[in-house]
Structure formats: structure tokens, C-alpha cells
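Undergrad: Okay, here's the structure, questions in a sec.
The values are calculated or read from the model by the stated rules, or taken from the named source; none is laboratory data. Please read these numbers as outputs of a predicted model, since none were measured by experiment. Every residue, glycine as well, gets a Cβ built from its backbone with ideal geometry; the counts of neighbours run over all protein chains shown. Ligands, DNA and RNA are stripped out before the accessible areas are found, and what is left, the full protein with its side chains, is counted by its heavy atoms. Shrake-Rupley method; radii C 1.70, N 1.55, O 1.52, S 1.80 Å.
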Amino acid sequence: MAVQNYQLTMPTKDPDDVYPKVPGINYDDFKLSPERMPEEQRRRALRQLYEYETVQKDNFMGYQSNQKLDFKDDLSIYLNYHINNIGDPFVSGNDTLNTKFVERAVLDYFAALWNAKWPHEYSPDSADKDWRNSYWGYIVSMGCTEGNIYGLWNARDYLSGKFILEDPYAEEQARLASMDGRPAAVEPRLLYYQAKAPENESNKYTPIAFYSQDTHYSIIKAMRVLSITTFNEEGSGKFDCPLTYPDDYPPDYSLYYLDENGWPLEVPSDNSGCIYIPALKKLVEAFAKQGYPIIVNFNYGTTFKGAFDNVAFAVRELVPILQQYGLYEREVEYDPEHKKSDTRTGYWFHVDGALGAAYMPFLEMAEKSEDFPVFDFRIKELQSIAMSGHKWIGAPWPCGIYMTKVKYQLLPLDNPIYIGAPDSTFAGSRNGFSPLILWDYFSRYSYQDLINKALYTEKMARYALDRLKELEKQVGKDLWVEYSPRSLALRFKQPNASIIFKYSLSREVLYVNNERRGYSHIYLMESVTPKLVNDLVTDLKAPDAFPDQPGIQLNQGEVIVPDAKRGVFIPQSGRGFR
Ligand SMILES: *Cc1c(COP(=O)(O)O)cnc(C)c1O
């Protein structure tokens, strides 16, 4: 390599020796340098890239991302456009190279599908306040993780008594500042305010989070990013756990999930992966009784088991508790002197619908059954829903939707000058291509088409279940094949490394009857064909397909800081982590 006299570091080792090996990829062909890459090498690298991604795509069935994509013809031209939807989707803004009009069409589509009031409206001048019940949302640049973090951020600020108010001194300060000679802007200035908890209600603005043990790690990440306190952090060691073992726990719940004070780290879920509602109720009540506002995250399609919390039923069970302890509706005072306050809920229900929010509405249309687990804005207490766009729908990159109602947004109070919140989204620059992906998809399919797709994936899940059960019989071994109701995920004994690589399978370790078991799962997304399932079953017939799983000793972690405050549980595998 002819390196001229540039300032740059040299590698301390050959990266090729340090980094993971990738089958079919010669890393030397991919190394970038200060020189233009010779065209021949570039072509070689691009060929390897294409081979690799295409083979992996064709065999992909380990995660919940649909690989059946068809966007190239309509949209590939926009790879040469930088489209940026910076700011609120309902405010045009001056960055006109955007697709906000397309984004609004997609959001309206989901508002209708999720039974929200639409179109989005912001009309502070109108006498009728019904616009406050309309939806607000945006297409996120990350996946459902961003929707989850955004929802919990909104929840935290709303419940902890934050306000956006106009600074009454802005004008006077501008006038004084201008006396130093430099012209000062006299736009009204907005500031964040924090309501103060009354002395006899010290917990009033400390929201406490509840989520099940099957919850995706993005929710746990949000707890840390946002410093939201979980029920375990607040209660364990300070007062008695409201749950008694084993009566208040789901069947087969292991005592070993409890911490040293007899508290669960997360809300228990049953064996199919659904949040265990009787335990949730007792836990929520213990905190509601002490005046804490409540955040509950529900899962609509858990990551590993693909289970659906029955959100409507859970909310129905929780509402009387919230009413009893003054949390269903409460006054949040921001100016006690002038008796100025805002009426807010003392709870926030968020639905992590990464997978399920995209297709379960269609399955519900097909099933028309009474006991279908409803998750959407038909539940009038629901505050927010997040969904991934690249999972059930399928998209070339992570994307998704966040949706709430205008009345739950933290907006400037009493000030009609501001049209919507000027900086209402999480990111600065926002992906303006993703709305095109979602629009392109939903413009091509009717509800009936989407119902058919949902039924196809359900049918494939049952097909794969039958084939794996058959395989169990043929090989005469228990392969731990399991399936949760309506799930597109099937879990079974972890196969060998080459099968895991070939089909991009995930891994999870579970204790079952005191036995440490390694599982894998497949997700029967639209791109998975019967042939692909058959190929997998054929590979699983090989004598070395299922290696023994010798009981591995878990490290007994050394306690380094014995009196440090314990934080949230951090998943290191499973839950979609690897
Ligand atoms: C995948 C997933 C997420 C995170 O979504 P990303 O799109 O990967 O950010 C959150 N929750 C659940 C239940 C998921 O399955």
C-alpha cells in the first residue's frame, strides 16, 4: 500500500486475524485505504457481498423479519435523493425535500387500523376540544426501539409533572439584553417546568415501571436511558412483596426468579410468555396505594415466544385500582399560587407491538373471535403504541411507527402560537425514505390481501409445527418443540453451529425443571416457504444435528460492591439479543 505522508494510524494487528471470519468473505478485499480501491478488487468484493447476502436471505428464518421485499422498481431511484423529514410530520418546515405528505398518509392508515381518531388535528383556537383526542405519531428512524424509548420518555415526563410553559420574563430579558447593544430576539421563550410534589404526597411525581420477564431489551434500555424506576428497584428491601409464593405466581414459576428479598425482578409471565395479570394487579396496587403513578409496558408479540398480552383485559382489571387510589385522573399543579393545573392520568399504558401491531389487526378481521387479545385505541385508556416496519411488513432497513394521542403529548400549555411542538420527535434528521417503503407496500395491498398474508403465516407456523413433531417421532427423541397460541415462532432444541448459521437461528437458554436447556427458534414470516421448512427438517435429521448440551456452570458472579444499589435486570441473551 503506497501511503503518502498523511497523518493516520497503522493497524497494530491484521484486522483479518482479529475479527470474526465470515464464510465466503475475503476480508482483504474489503479493506479500505487512503487509495482508491482498484476496480477489479471492488467488483470482487461486491460479488462476494451479493453472494453472501443472497444465500443468507434465501435461508433466513431465525428472526421476525420478512425477507420478501419488492421495492426496487418503484423506489430504487430515490437512493440518489437525500430526503429528510426532520421535525414534526404535521408541520411542513423549511426543509422541503421531504416526504411528510407520504408519512401523513401512512400514519392515517395506521390510525384507522388501530382505531384511533384521525386525521391528526391541532386546533387550540377551536371551542370544541375534541381535536385533543385525535392521534399524533411519526415514522421512526430506528426500529421499534425508538418508538419504545419515545413512548416511555413521554410517559415519564407526563407522569412526573413536567410542563412546557412560556417564560413570562422573556420579553423583559430581551429588552434588557438589547441595551448592551446587540439586538435581541423577542420570540416567546419556552421552558421546561417541573411540578413539585406536595409534602404529604411525596411519591406523586415518581413514576414506577412494570413490564414482564418476556420483555424485549429495548424497554430495559429505555429504563436506563431515561432513569425510570422499576417496581423492583423501588420496593425490594423496602417493603414486603405483595406477591406470595407460590399462590400469586403463574403455574411452574420458579422460586429462583425471586431476589433475596422475595421480590421478582420483573412482572412474572406464564409459560406461553404472556404477562401474568393477577400478579400485575397486585404489584400495581401495592404502588398505587402509596401514590406512585404507574407505567405499564405490554408486549404484543414477545420477541422469543411471540406471545400476545391481552392488553384490553389487563387494562380493564387495572382501571378500578387506579380509580380507587386517585390515579385514574388527577390534577397536576404547575402554579400552586395561582391555582393553575393540568388534568392528567396517573398511569401510562404503552404497547410494544414491534411484530404484532402490524398484522394482528388482520388476523382479528379473519378470526372474528370474541376472545381475541385487543391491543389498540379501542382501549380508551391506552396512551401509546410502537411497531417495527421491517418485521412483519418487511423493509430494507429498520423503521417503525410511534403513535399516541394529542392530549398526551407534552405541548406548550395555553399557547396557540405554537403549531404543534416544533421539536416533537426523538431524532434530529429523520429518515424520509422509510415512509415511501411503507406507503409503497400499503398502496399495493387491500385489507383482504393482508388478511390472506396473515393467514398464510399462521398456516406456515402450523405446518412447521407438524413437521417438527413428525421429526421428533422419526428420530425418537424429545426435541422440546413448543409453540405459543397465535405465535409465528416455534422453539426447539438448539441444533449444531452450521445449521444455526445456515438459517440464521437465534439462541436462548431456559431452565426447565431444573435443567439448563439451549433453545433455538424459527419465525414463520411471509418469506418462509414450505420448501425452506422442509430443508431445515432434512438438515435436522442428520445424526449430528443436535449436539449434547452438557450442563454448563454459570459463573457465580463475584460481588464487587456489596452495598451498591441494584439496578434493572440486563438480558445478555435471548429476547432477540443474539
Ligand atoms: C424487535 C423487537 C423490538 C425492537 O425493535 P427494533 O425494530 O429491533 O428496534 C422491541 N420489542 C419487541 C417485542 C421486539 O420483538
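Undergrad: For the chain, what does the helix formula give at 222 nm: sum of -39500 (n - 2.57) over DSSP H segments with n ≥ 4, over the residue count, nearest 500 deg cm²/dmol?
TA: Helices in the chain give a 222 nm mean residue ellipticity of -9500 deg cm²/dmol.
Undergrad: Then there is this: PRE reach from ASP259 (point 7 Å along Cα→Cβ): which of the range 149-168 fall under 11 Å by backbone N?
TA: Nothing falls inside the zone, counting backbone N under 11 Å.
Undergrad: Excluding residues fewer than 8 places away in the same chain, name every one of the lysines whose C-alpha is closer than 28 Å to that of LYS21.
TA: Result set, ordered by chain and number: LYS13, LYS31, LYS57, LYS68, LYS391, LYS493, LYS502, LYS541.
Undergrad: Continuing with the same structure: Kindly provide the GluC sites (Glu not before Pro) of the range 236-311 that DSSP labels as loop, not H, G, I, E or B, and whose Cβ sees at most 16 other Cβ atoms within 10 Å. Kindly include the intermediate steps, with their values, before the conclusion.
TA: Values: sites: GLU260, GLU266, GLU285; in loops: GLU260, GLU266.
Passing sites in the range 236-311 are GLU260.
Undergrad: Another question about this same structure. Express the accessible area of the chain per residue in Å², computed with a 1.4 Å probe while the remaining protein chains stay in the model.
TA: Roughly 51 Å² per residue, with all protein chains present.
Undergrad: For the chain, would you read off the P(r) tail past 47 Å as a percentage of all alpha carbon pairs?
TA: Everything past 47 Å amounts to 21 percent.
Undergrad: Work out the FRET efficiency for VAL537 and GLU166 from their Cβ-Cβ distance, taking R0 = 51 Å, and round it to the nearest 0.05.
TA: With R0 = 51 Å, the Cβ-Cβ based efficiency is 0.20.
Undergrad: Can you give the FRET efficiency for ASP449 and VAL55, using 1/(1 + (r/R0)^6), R0 = 30 Å, r = Cβ-Cβ distance, to the nearest 0.05?
TA: 0.55
Undergrad: Also: Give or take rounding to whole Å, what are the principal axis extents of the alpha carbon atoms in the range 15-58, in descending order?
TA: Principal axes ranked by extent give 35, 25, 10 Å for the Cα atoms.
Undergrad: In the range 1-100, which trypsin sites (Lys or Arg not before Pro) are in a loop and have at most 11 other Cβ atoms within 10 Å, using DSSP for the loop call?
TA: LYS13, LYS21, ARG36
Undergrad: If you don't mind, another one. Percent of alpha carbon pairs in the range 450-512 separated by more than 15 Å?
TA: Counting every Cα pair in the range 450-512, those more than 15 Å apart make up 60 percent.
Undergrad: From the P(r) of the range 345-501, could you give the percentage of C-alpha pairs in the tail past 28 Å?
TA: 41
Undergrad: To the nearest 0.05, what FRET efficiency results for GLU329 and VAL91 with a Förster distance of 35 Å applied to their C-beta separation?
TA: The pair GLU329/VAL91 has a calculated efficiency of 0.70.
Undergrad: Looking at the range 1-49, which GluC sites (Glu not before Pro) are in a loop (DSSP not H, G, I, E or B) and have at most 16 other Cβ atoms within 10 Å?
TA: Those satisfying the criteria are GLU35.
Undergrad: Next question, about the same structure. Measure out, as a whole number of angstrom, how far apart the alpha-carbon centroids of the range 444-468 and the range 138-202 sit.
TA: 46
Undergrad: Quick check: at a probe of 1.4 Å, how many percent of the accessible area of the range 15-58 sits on carbon and sulfur atoms?
TA: Taking all protein chains in place, the range 15-58 shows 55 percent carbon and sulfur surface.
Undergrad: Mind checking Rg over Rh on the range 156-210, alpha carbons, Kirkwood formula for Rh?
TA: 1.25
Undergrad: Check cross-link reach from LYS407 to the lysines: straight Cα distance under 17 Å, and skip same-chain residues fewer than eight apart.
TA: In chain and number order, the partners are LYS117, LYS129, LYS162, LYS380.
Undergrad: Using a 1.4 angstrom probe on heavy atoms only, work out the carbon and sulfur share of the accessible area of the range 116-268 in %.
TA: 50
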